[in-house]
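Step one of this worksheet: look at the structure below.
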Amino acid sequence: MDPRQAFGLAVRRRRLRLGVSQEELAHRAGMDRTYVSGIERGRRNPTLLVIGRLAAALACDPARLLARPPGGTTRGGANRMESPHALPRPDRRLRRN
């Protein structure tokens with residue numbers, strides 16, 4: 001698993017455990033909700049300062065968010081973040097007729 005995805009998964013799990021929305025977490029951490037969303041999806045590469053702000057907003061130690069996910073990491077997708085609201089992504093390759 002990519003480190004950004006592992007970090008995003010840890011943030012998401014902690015946020016859900018606390019019952020906090022992305023919007024509320026973003027407000028507590030002083031950042032935009034879309035940035036929090038990007039972090040949780042593993043699309044953003046947060047700086048140490050951002051990691052510290054998120055940890056403070058989630059009332060946990062930054063090391064907890066940076067630890068490996070339980071069960072190790074596999075390439076087969078066993079540890080992929082899955083959202084109950086996720087839609088399948090369309091094929092982005094250009095098709096030529």
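Taken together, the values in this text are just the output of simple stated rules run on the coordinates, not laboratory data. The structure displayed is predicted, hence computed values, not measured ones. All Cβ positions, even for glycine, are placed from backbone atoms using ideal geometry, and neighbour counts span all protein chains on display.
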Within segment 1-41, which residues are over 18 Å from residue 67 (Cα atoms) and of a type in the set (Lys, Arg)? 28, 33
Considering only residues of segment 10-35 that are aliphatic (A, V, I, L, M) and over 15 Å from residue 60 (Cα atoms), which is farthest from the chain's Cα centre (by Cα)? 31
Select from segment 7-27 the residues that are part of a helix (DSSP H, G or I) and among the polar types (S, T, N, Q) and list them in ascending order. 22
So, in segment 6-40, exactly how many residues are in contact with a Ser or Thr (Cβ under 9 Å, 6 or more places away or on another chain), closer than 15 Å to residue 53 by Cα and among the small types (Gly, Ala, Ser)? 1
Taking into account only those residues within segment 48-63 that are surrounded by fewer than 17 Cβ atoms within 10 Å (Cβ to Cβ) and out of contact with any helix residue (DSSP H, G or I) (no Cβ under 7 Å at 6 or more places or on another chain), which is nearest to residue 20 (Cα to Cα)? 59
Just checking, how many residues over segment 29-51 are among the small types (Gly, Ala, Ser), outside any helix (DSSP H, G or I) and within 22 Å of residue 1 (Cα to Cα)? 1
Filter segment 16-36 down to the residues that are in contact with a helix residue (DSSP H, G or I) (Cβ under 6 Å, 6 or more places away or on another chain) and surrounded by 14 or more Cβ atoms within 10 Å (Cβ to Cβ) and list them by number. 22, 25, 26, 28, 29, 33, 36
